[in-house]
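The values are calculated or read from the model by the stated rules, or taken from the named source; none is laboratory data. These figures come from a predicted structure and were not determined experimentally. Note: ideal-geometry Cβ built from the backbone for every residue, glycine included; neighbour counts use all protein chains shown.
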Amino acid sequence: MATPTTITTTVVQTSTQTVATTVQTIVTQTVATTATQTVTQAVAVTQTVTATPRHSVADVALRRELGSLVGRHFLGVFQTVAVVTQPNTLCSALAASALASLPPYSRGYLVMYNDMPSYAISQATRDVLIALRSINYGGDVLLHAFVLRATNL
């Protein structure tokens with residue numbers, strides 16, 4: 001259920017009143033009043049979400065097996081590893097199996113990016129590299145071919 005959004009609506013009401021008073025002469029007086037009222041109400045916002053395409057079991061199994069090999073034989077040479085991935089089925093299968101297959105002396109961290117187009121991946125990757133440089137990071141950085149293609153590094 002989406003979080004209710006507060007919407008403020010202003011209602012303007014104008015009324016005209018005629019008052020007749022009889023003394024010696026007839027005096028007609030017209031009075032115009034304007035009242036402003038602010039109404040605040042909570043409205044639930046509905047969003048349309050497009051489902052991601054389904055992948056075959058074979059596609060997911062391939063990523064799982066590949067991730068296991070990468071974790072055991074490639075990432076296992078590092079004491080600490082952070083795997084940054086997008087939250088989609090294939091990337092998540094590869095990243096999770098790679099971290100699960102690390103040797104016991106390695107520490108692994110999973111970092112999830114929001115799903116984003118390639119131009120945003122390019123900017124995010126540059127931001128991460130700039131942040132690492134700003135703290136004088138001296139370790140290794142491994143980039144997936146997809147990231148390299150998106151960033152043109």
Flagged in the stretch 100-121 as at pLDDT 85 or above and part of a helix (DSSP H, G or I), in numbering order, are ALA100
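Quick one: would you say ALA124 is of a type outside the set (Lys, Arg), assigned to a helix (DSSP H, G or I) and modelled with pLDDT under 80?
Numbers: of a type outside the set (Lys, Arg): yes; assigned to a helix (DSSP H, G or I): yes; modelled with pLDDT under 80: yes.
For ALA124, the condition - of a type outside the set (Lys, Arg), assigned to a helix (DSSP H, G or I) and modelled with pLDDT under 80 - is met.
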Answer yes or no: is there a residue in the stretch 20-42 that is modelled with pLDDT of 85 or more, in contact with a strand residue (DSSP E or B) (Cβ under 7 Å, 6 or more places away or on another chain) and not in a helix (DSSP H, G or I).
-> no
